[in-house]
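Have a look at the structure below before the remarks.
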Amino acid sequence: MKYYNIFIDGIDKSGKDLISYYVIHLSNFKYVVNGRGILSQLAYAKLCNRDATYDLTQQKDVLNIYLEVNKEDWLLRCKKTNEQTIDYEKNIAAFKYAIDIVNQSSNVIIFNTSQETPYSIAKHIVNYADTLNKGE
């Protein structure tokens, strides 16, 4: 069986840490889960006007997850945690740009954390990763 590295990306307060925790425990520590992968690298390079290139061939055995969050929900999350707000639309656009690039070499799975619970999203991620591993 081949185990996949799972990278969970999204703007701040999209639920990366909580969902990572659930995936780790629901998979009984089978998968290595990281917050911020190639999607964040590409998005923040664009946002910061960095002339950076990334080797997408390294994404072969990586499961990239992108977490969307509705703006109204995101604003409430920022307020609750006293997080400074960012330019929501600009950051979302940068991640969409990154998704378009990564989708050329591997798939990005997208979940909306305003519409589905962290537990449910984590179960989907674990099931998807398990299905990929069965095919190896």
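The values are calculated or read from the model by the stated rules, or taken from the named source; none is laboratory data. Just so it is clear, the model here is predicted, and its values are computed rather than measured. Neighbour counts are summed over all protein chains in view; Cβ atoms, including those assigned to glycine, are modelled from backbone coordinates with ideal geometry. Calculation scope for accessible area: heavy atoms of the full protein, side chains included, ligands and nucleic acids excluded. Shrake-Rupley method; radii C 1.70, N 1.55, O 1.52, S 1.80 Å.
A few comments on the model shown:
- Selection count where residues are assigned to a loop (DSSP other than H, G, I, E, B) and modelled with pLDDT under 95, scope segment 50-80: 8
- All positions within segment 76-86 that are hydroxyl-bearing (Ser, Thr, Tyr) and surrounded by 11 or more Cβ atoms within 10 Å (Cβ to Cβ): Thr85
- Considering residues of segment 4-26 that are in a strand (DSSP E or B) and of a type outside the set (A, V, I, L, M) only, the residue surrounded by the fewest Cβ atoms within 10 Å (Cβ to Cβ): Asn5
- If the condition is being among the hydrophobic types (A, V, I, L, M, F, W, C) and exposed (fewer than 15 other Cβ atoms within 10 Å of the Cβ), then segment 27-55 contributes Phe29, Val32, Cys48, Ala52.
- Residue that is least open to solvent (accessible area, probe 1.4 Å) [pool: residues in segment 87-136 that are in a loop (DSSP other than H, G, I, E, B) and modelled with pLDDT of 95 or more]: Thr113
- Matching residues in segment 103-136 - criterion: being within 15 Å of Glu68 (Cβ to Cβ) and touching a Leu at 6+ places or on another chain (Cβ under 9 Å): Val108, Ile109, Ile110, Phe111, Asn112, Thr113, Pro118, Ile121, Ile125
- The residue of segment 9-51 that is nearest to Asn91 (Cα to Cα), among those that are hydrophobic (A, V, I, L, M, F, W, C) and touching a residue at least 60 places away in the same chain (Cβ under 8 Å), is Ile11.
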